[in-house]
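Since the structure comes first, as structure tokens, the remarks are kept for the end.
The values are calculated or read from the model by the stated rules, or taken from the named source; none is laboratory data. Fair warning: this is a prediction, and the values are worked out from it, not measured in the lab. Here the Cβ is made from the backbone with ideal geometry for all residues, glycine too, and neighbour counts use every protein chain on show. Only protein heavy atoms, including side chains, enter the accessible area calculation; ligands, DNA and RNA are left aside. Shrake-Rupley method; radii C 1.70, N 1.55, O 1.52, S 1.80 Å.
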Amino acid sequence: MDVTGYTQEFTCPIAPAHMFKALILDSNNLIPNLLPQFVKSVDLIHGDGGAGSIEQVNFTEGTDIKYVKHRIDELDRVNLVCKYTMIEGDPLGDKLESIAYEVRFEVGSDAGCKCKMTSSYIKLGDFTIKEEEIRVGQDKARGIYKVVEAYLLENPHVYA
């Protein structure tokens, strides 16, 4: 089993706890409402939303992904860290066993936050993951963060 890892980091003007609540704790409600053209639903299919739970993200027709399933590996509400693993879905194809993610929200400058996301691609065989494929996935994740950031800037009382 071969693992390839990537990290991305960015800042935003929203407090870390607010971003964590919106993107991690309430993503099943918020994301389909903010991005209905892409995300049909986020359904909890096993567990209570904590570690060991499995959620399924269903995408709208016309997108290149039908669904993905994530297993929540760790949910640290104090340190604002979530670790989860994509265990099923179109992005894995026949070359990836899973993709493990670690998302951290830390205090940044000017009362905002620094968001760090580490992705570990667990490969099934001997092949090279193309940087462009990784960049596309990272850009999609960054796009979701920007939409949530804009929503929270327009609605500062939410998740306060």
For this session: Answer yes or no: is there a residue in the range 116-126 that is modelled with pLDDT of 95 or more, open to solvent by 40 Å² or more (accessible area, probe 1.4 Å), of a type in the set (S, T, N, Q) and out of contact with any helix residue (DSSP H, G or I) (no Cβ under 9 Å at 6 or more places or on another chain).
Result: no
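Which residue out of ILE54, ILE72, ILE65 is among the hydrophobic types (A, V, I, L, M, F, W, C) and either more than 15 Å from the chain's Cα centre (by Cα) or modelled with pLDDT under 95 (or both)? Spell out how you get there, then give the answer.
Details: ILE54 fails: either more than 15 Å from the chain's Cα centre (by Cα) or modelled with pLDDT under 95 (or both); ILE72 fails: either more than 15 Å from the chain's Cα centre (by Cα) or modelled with pLDDT under 95 (or both).
Result of the check over ILE54, ILE72, ILE65: ILE65.
Only one of ILE14, ILE24 is under 16 Å from MET117 (Cβ atoms), touching a Leu at 6+ places or on another chain (Cβ under 7 Å) and open to solvent by less than 50 Å² (accessible area, probe 1.4 Å); which? Steps first, please.
Details: ILE24 fails: touching a Leu at 6+ places or on another chain (Cβ under 7 Å).
One residue alone meets the criteria, ILE14.
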Exercise. What pairs come up if the first residue lies in the range 47-73 and is touching a residue at least 12 places away in the same chain (Cβ under 8 Å), the second is in a loop (DSSP other than H, G, I, E, B) and loosely packed, with under 14 Cβ neighbours inside 10 Å, and their beta carbons are under 7 Å apart, counting only those six or more places apart or on different chains?
Worked result: SER53/GLY47; ILE54/GLY47; PHE59/LYS66; THR60/GLN37; ILE72/GLY50; ILE72/GLY52
Seminar exercise, completed: Per the list (1) out of contact with any Cys (no Cβ under 9 Å at 6 or more places or on another chain); (2) part of a helix (DSSP H, G or I), residue check on TYR121 breaks on (2)
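Looking for whichever is part of a loop (DSSP other than H, G, I, E, B) and open to solvent by 50 Å² or more (accessible area, probe 1.4 Å) here; the options are ASP110, ASP64, ASP73, ASP43. Which one fits? Before you say what the answer is, go through the steps one by one.
Working: ASP110 fails: part of a loop (DSSP other than H, G, I, E, B); ASP73 fails: part of a loop (DSSP other than H, G, I, E, B); ASP43 fails: part of a loop (DSSP other than H, G, I, E, B).
Every option except ASP64 fails the conditions.
Scan GLU55, GLU9 and give me the residue that is more than 25 Å from GLU131 (Cβ to Cβ), open to solvent by 20 Å² or more (accessible area, probe 1.4 Å), part of a strand (DSSP E or B) and among the charged types (D, E, K, R).
Details: GLU9 fails: more than 25 Å from GLU131 (Cβ to Cβ).
Checking each option against the conditions leaves just GLU55.
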Exercise. Can you tell me which of GLY112, GLY93, GLY143, GLY137 is farther than 26 Å from ILE45 by Cα and small (Gly, Ala, Ser)?
Worked result: GLY112
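Scan VAL81, VAL136 and give me the residue that is under 22 Å from ASP26 (Cα atoms) and either in contact with a helix residue (DSSP H, G or I) (Cβ under 7 Å, 6 or more places away or on another chain) or of a type outside the set (Phe, Trp, Tyr) (or both). Can you show your working first?
Numbers: VAL136 fails: under 22 Å from ASP26 (Cα atoms).
None of the others qualify; the one that does is VAL81.
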Exercise. Are any residues in the range 85-104 loosely packed, with under 15 Cβ neighbours inside 10 Å and among the hydrophobic types (A, V, I, L, M, F, W, C), and if so, which ones?
Worked result: none
